[in-house]
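Heads up: the structure comes next, in structure tokens.
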Amino acid sequence: MSYKINFGGWESVFAVPTAIVDKGLKLASETQLKVLLYILRNSQNDLSDELVAKALSIHEEEVADSIDYWSEKGLFVKMGESLEMASAVPNSAQEAQGKPETKVTAVNSQPKSRVNARPIKPEPAYVAKRLKADSSLAVLMDEAQRILEKMLSNADMATLVMLHDTDGLPVEVILMLMEHCAKIGKGTLRYIEKTGMAWANEGVNTISLAEEKIKRQNESSEAWKKVSAVFGLRIGGTPTKKQLAFADTWVNEWMFSEDMLRLAYEKCVDAKSQLNMGYVNGILKKWNEEGIRSIGEVEERETAKKSKKSTGSGSASYDIDAYEKYSMFD
């Protein structure tokens, strides 16, 4: 007689350091715990922010923010573009004894150029000193906790101090940025930092400029909603920069109606048997340059084109290769 013990779910297990419970569990968010468990479970694989975000159905910024949280708690140590368990990084005593370095996991974090270009975040002691010296920064931290609906970690506070001190954004502009990010469902410190740096590089450093920036971003998002509805798109996640640029141009700059967008879409599918954003853009760009703004005007133009073609002059009402080359983005 032979026997086999069924361990069920215990047949495959992975280690969870006690430091997680001792140091980070109390203040850790649900997302931070999910990211940590996923990384520990897949420690034998090469991971990336994008891969983890896709597996957990969250934003990449939330993955990076979670890694920062656990790094602050001493669980991980960033080594260039890799992430290692803190206990796996050799100290001076280990090096002296010639003990080899043991890699536990490697998670691609920020691009090397980003790491090299961004100064190291200030230590908690410096942040505390800045908050004591500048009451407006203390207000910023209180308001940030209200907007994000969470307790700020030391890394979070350091990020906000850097947006103010290093990037030169006033407190009121940072608060507007945070309100905007939270409203569109991207209220993570990583996304806020990335967007804040972009604002600083563009010179968006006053309330009026921030208002204009937010207004334009909202208009672009609304344009994409209109375009995706007309085209019948069901796209998960967020649109690409190129998609937003197309939609913003078609709706906000060229001011095409939904009927005209639908007609351009139908002509594209008739010609290509599928949606091609560059081809649709070629059609709309040509109509915009010719001042065509209604379906009736399109029909008149095509009737005239067909008439010329029947007499041996002119060209087809629309040409596949011509429109693809006509796209201002392709």
Total charge of the residues flanking Ile292 in space, meaning their Cβ is under 15 Å from its Cβ, with Lys and Arg +1 and Asp and Glu -1, is 0
If each part is reduced to its alpha-carbon centroid, the stretch 181-208 and the stretch 264-283 end up apart, in Å, by 35 Å
By accessible area (1.4 Å), largest first, Arg262, Arg41 order as Arg41, Arg262
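Considering only protein heavy atoms, with the full assembly of protein chains and a 1.4 angstrom probe, order Thr206, Thr159, Thr166 by accessible area, largest first.
On the way: Thr206 55, Thr159 5, Thr166 75 Å².
Ranked list, largest accessible area first: Thr166, Thr206, Thr159.
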The pairs in Lys54/Lys225; Lys213/Lys285; Lys186/Lys286 lying past 32 Å Cα-Cα in this model are Lys186/Lys286
The summed charge of the Val52 Cβ neighbourhood (under 10 Å; Lys/Arg +1, Asp/Glu -1) stands at -2
The answer for the per residue Cα convex hull volume of the stretch 148-210, in Å³, is 74 Å³
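For the peptides 246-256, 135-145, what is the packing order when you average, over each peptide's residues, the other Cβ atoms within 10 Å and list the highest mean first? Walk me through the numbers before you get to the answer.
Values: 246-256: 18.9, 135-145: 15.2.
Packing proxy ranking, top to bottom: 246-256, 135-145.
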Heavy-atom accessible area with a 1.4 angstrom probe orders Tyr69, Tyr38, most exposed first, as Tyr38, Tyr69
Probe 1.4 Å, all chains present, heavy atoms only: Ile184 accessible area in Å², nearest 10, is 80 Å²
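How do the peptides 187-199, 270-282 rank, highest first, by the average count of neighbouring beta carbon atoms within 10 Å per residue?
Values: 187-199: 21.3, 270-282: 17.2.
By packing density, highest mean first, the sequence is 187-199, 270-282.
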The local net charge around Glu172, scoring Lys/Arg +1 and Asp/Glu -1 for residues other than Glu172 whose Cβ lies under 12 Å from its Cβ, equals -3
If N is the residue count of the stretch 190-231, its Cα Rg over 2.2 N^0.38 Å rounds to 1.41
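The values are calculated or read from the model by the stated rules, or taken from the named source; none is laboratory data. Computed from a predicted model, the values in this text were never measured in an experiment. Positions of Cβ are backbone-derived with ideal geometry, glycine not excepted, and every protein chain shown enters the neighbour counts. For the accessible areas, the whole protein counts, side chains as well, though only heavy atoms, and no ligand, DNA or RNA atoms are used. Shrake-Rupley method; radii C 1.70, N 1.55, O 1.52, S 1.80 Å.
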